[in-house]
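A.B. asks: Below you will find the structure I want to go over with you.
The values are calculated or read from the model by the stated rules, or taken from the named source; none is laboratory data. These numbers were taken from a predicted model, which means no experiment stands behind them. Positions of Cβ are generated from backbone atoms using ideal geometry, with glycine treated the same way; all protein chains shown enter the neighbour counts.
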Amino acid sequence: MTIRRYFGLIVAAGVLAVAVGGEAVAKQGGNGWQATDGETIPTGSSFYEFIRPCPSGFAVQNGGYSVLNGVTYSNGFTLVSSGPDFTQSPPDYSKWLFVFSWPNGGSPSGAQIVTAASCKKGRP
């Protein structure tokens with residue numbers, strides 16, 4: 001999968017998502033978008049968390065996600081959090097954290113999400 005450069009907002013099926021873009025995916029460990037990672041969400045999950053790490057010595061710059069099928073949007077699919085990992089004290093700028101929720105009965109069977117993070121050498 002290749003991520004192309006474009007920035008903006010996408011509104012689809014009532015969900016606001018940041019459109020990710022940049023250069024083609026960087027080699028793992030370089031500046032730019034790291035390799036994507038997709039998962040099938042366990043059925044019935046109320047919350048699901050993805051952490052996208054940067055290589056050592058790199059800081060996150062941006063993150064993006066894509067829903068792979070329409071069933072994922074059911075049961076009130078919501079993006080709860082998307083940003084550097086502020087669950088840590090002090091915040092961990094070497095990781096991008098996504099938290100998704102399905103408040104109306106948990107994630108449906110077959111829900112799939114792909115995530116990615118853009119990293120840059122040095123401090124944020």
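Conditions tested, residue by residue: (1) within 15 Å of residue 32 (Cα to Cα); (2) touching a helix residue (DSSP H, G or I) at 6+ places or on another chain (Cβ under 6 Å); (3) in contact (Cβ under 8 Å) with a residue 60 or more places away in the chain; (4) not in a strand (DSSP E or B).
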{"residue": "42", "(1), (2), (3), (4)": "no, no, yes, yes"}
{"residue": "71", "(1), (2), (3), (4)": "no, no, no, yes"}
{"residue": "81", "(1), (2), (3), (4)": "no, no, no, no"}
{"residue": "115", "(1), (2), (3), (4)": "yes, no, yes, no"}
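A.B. asks: Please enumerate the residues belonging to region 66-80 that are within 18 Å of residue 46 (Cβ to Cβ), of a type outside the set (A, V, I, L, M, F, W, C) and surrounded by 14 or more Cβ atoms within 10 Å (Cβ to Cβ).
C.D. replies: Step one: list which residues in region 66-80 are within 18 Å of residue 46 (Cβ to Cβ), which gives 67, 71-80.
Within this subset, residues satisfying the condition of being of a type outside the set (A, V, I, L, M, F, W, C) are 72-76, 78.
Correct list: 72, 73, 74, 75, 78.
A.B. asks: Further, regarding this structure: Mind counting the residues in region 23-43 that are modelled with pLDDT of 90 or more and exposed (fewer than 13 other Cβ atoms within 10 Å of the Cβ)?
C.D. replies: Matching residues across region 23-43 total 2.
A.B. asks: Let me ask another. Select from region 92-106 the residues that are of a type in the set (S, T, N, Q) and assigned to a strand (DSSP E or B) and write down the one among them that is nearest to residue 62 (Cα to Cα). Talk me through it step by step, then tell me what you get.
C.D. replies: Going residue by residue through region 92-106, those that are of a type in the set (S, T, N, Q) are 94, 101, 104.
With assigned to a strand (DSSP E or B) added as a condition, the list becomes 94, 101.
Working: 94: 11, 101: 20 Å.
Selected residue: 94.
A.B. asks: Any idea which of 109, 89 is free of Cβ contacts under 8 Å to residues at least 24 places away in the same chain and in a loop (DSSP other than H, G, I, E, B)? Write out each step before concluding.
C.D. replies: Working: 109 fails: free of Cβ contacts under 8 Å to residues at least 24 places away in the same chain.
Selected residue: 89, the only one of 109, 89 that is free of Cβ contacts under 8 Å to residues at least 24 places away in the same chain and in a loop (DSSP other than H, G, I, E, B).
A.B. asks: Another one. Mind checking which residues of region 44-65 are over 24 Å from residue 124 (Cβ atoms) and not in a loop (DSSP other than H, G, I, E, B)?
C.D. replies: Filtering region 44-65 down to residues over 24 Å from residue 124 (Cβ atoms) leaves 44-48.
Scanning region 44-65 gives 47, 48.
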